[in-house]
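Here the structure comes first, spelled out in structure tokens, and everything after it is commentary.
Quick note: the coordinates plus some simple rules give every number you see, no bench work behind them. No experiment lies behind these values; they were computed from the predicted model shown. Here the Cβ positions follow ideal geometry from the backbone for every residue, glycine too, while neighbour counts run over all protein chains shown.
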Amino acid sequence: MVKIGVVIFPGSNCDADLIKVLQTRSPNPIVRLWHKETDLQSCSHLFLPGGFSYGDYLRSGAIAKLSPIMQTIKTHAENGGFVMGICNGFQILCESGLLPGALLRNINMRFVCKNIYLVPGNEPLNPASNIDQTPVLCVPIAHGEGRYFCDNKTLSQLEENQQVLYRYSNKLGAVSMDYNPNGSLNNIAGVCNSRKNVFGMMPHPERCATNYLLNLDGLKIFNAVFGGG
């Protein structure tokens, strides 16, 4: 049985949105995991939501990586367990070393909040699978530190190992710096680890996954995670 855990840190502000979407997507139990806990309560799928953990002091995710639950999450990931971070969750996973690279200040040095377009970087990756029929997704972003960066060796490895989850594009799926909202290398909006069981992305699929928001593109990402259409 799939049991889903949503990890909540002080300053998380997208956890309720994420839980609501997960509840509509899956009948399986959803557990709120407080950052001071170390018991994952047998959750097979872990999500780290967006927000401003610890007020984004020092660097986004730099303090949250020290939370007691993160060591248990590392063990879960090392054992092949599914982990996915969204926005601040992505930042935390990078700071924790569970994902390669780092999220730096946006190139324009401003907080950016708007709808953008995405295309799968490598379609076989779990949260990007089965989206080939409608590969361009409209998903909102809301971040000040979303510029993905890594050294040249790491970037080459990401591309060669097909670890790029999503890239920023235009509405026709064209990928170029003209459609890059934060200056990320190679228009990268999300990546995974080399074992392809830990994922992170800056855009917020949970904010475009319900009918009343007039956009269900984010739901396609959650459907991909849980094997639905």
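With equal scatterers on the alpha carbons only and no solvent term, can you work out the Debye log10 of I(q)/I(0) for region 126-196 at 0.13, 0.26 1/Å?
The computed values of log10 I(q)/I(0) come out as -0.39, -1.38.
Taking the alpha-carbon set of region 13-55, what are its Rg and Dmax in Å?
Radius of gyration, then largest Cα-Cα span, for region 13-55: 11.1, 33 Å.
With +1 assigned to the C-beta of every Lys and Arg and -1 to the C-beta of every Asp and Glu, and no other charges, what is the dipole magnitude of the chain about the Cα centre in debye, to the nearest 20?
Numbers: 19 positive and 16 negative charges, 46 e Å.
Once rounded to the nearest 20, the dipole reads 220 debye.
For region 153-177 and region 63-123, what is the separation of their C-alpha centers, rounded to whole Å?
That distance is 16 Å.
Which one, Ser12, Ser129, Ser42, has the greatest fluctuation when you compute a Gaussian network model over the chain with C-alpha springs under 10 angstrom?
Ser42
Fewest to most neighbouring Cβ within 10 Å: what's the order for Phe226, Phe9, Phe199, Phe111?
Numbers: Phe226 15, Phe9 24, Phe199 29, Phe111 12.
Lowest count first: Phe111, Phe226, Phe9, Phe199.
Please order Tyr54, Tyr117, Tyr212 by the number of other Cβ within 10 Å, starting at the fewest.
Details: Tyr54 19, Tyr117 23, Tyr212 5.
Going from least to most buried by this count: Tyr212, Tyr54, Tyr117.
Distances longer than 15 Å among the Cα atoms of region 79-130: what percent of all pairs is that? Walk me through the intermediate numbers first.
Values: 867 of 1326 pairs.
Everything past 15 Å amounts to 65 percent.
Go ahead and set up a Gaussian network model of the chain, Cα springs under 10 Å, then flag whichever of Gly89, Gly218, Gly11 fluctuates most.
For the chain, modelled as a Gaussian network with Cα springs under 10 Å, the answer is Gly11.
Under 8 Å for C-alpha pairs, at least 6 residues apart: give me the relative contact order for the chain, rounded to a whole percent.
Values: 532 pairs, mean separation 43.6, N = 229.
Dividing the mean separation by the residue count of the chain yields 19 percent.
With 10 angstrom as the radius, rank Val6, Val136 by how many other C-beta atoms surround their C-beta, starting from the fewest.
Details: Val6 22, Val136 16.
Fewest-to-most Cβ neighbours within 10 Å comes out as Val136, Val6.
Apply the Karplus curve 6.51 cos²θ - 1.76 cosθ + 1.60, θ = phi - 60°, to the phi angles in region 101-115 and return the couplings in whole Hz, x for Gly and Pro.
x, 8, 10, 9, 4, 3, 4, 8, 6, 10, 6, 10, 9, 5, 7
For region 8-140, what is the convex hull (Cα atoms) projected area averaged across all directions, in square nanometres? Could you put the intermediate results ahead of the total?
Working: hull surface 35.7 nm².
That works out to 8.9 nm², a quarter of the Cα hull's surface.
Among Pro127, Pro135, Pro27, which one shows the biggest mean-square fluctuation in a GNM of the chain, springs joining Cα atoms closer than 10 Å?
With Cα springs under 10 Å in the chain, the top fluctuation among Pro127, Pro135, Pro27 is at Pro27.
When only DSSP loop residues count, what trypsin sites (Lys or Arg not before Pro) in region 1-64 have their Cβ near at most 12 other Cβ atoms within 10 Å? Don't jump to the answer; show the numbers that get you there.
Numbers: sites: Lys3, Lys20, Arg25, Arg32, Lys36, Arg59; in loops: Lys3, Lys36, Arg59.
Qualifying residues, ordered by number: Lys36.
Based on DSSP H runs of at least 4 residues, each adding -39500 (n - 2.57), what is the mean residue ellipticity at 222 nm of the chain after dividing by all its residues, to the nearest 500 deg cm²/dmol? Before the final figure, lay out each step's value.
Details: 5 runs with 48 residues, N = 229.
It comes out at -6000 deg cm²/dmol, rounded to the nearest 500.
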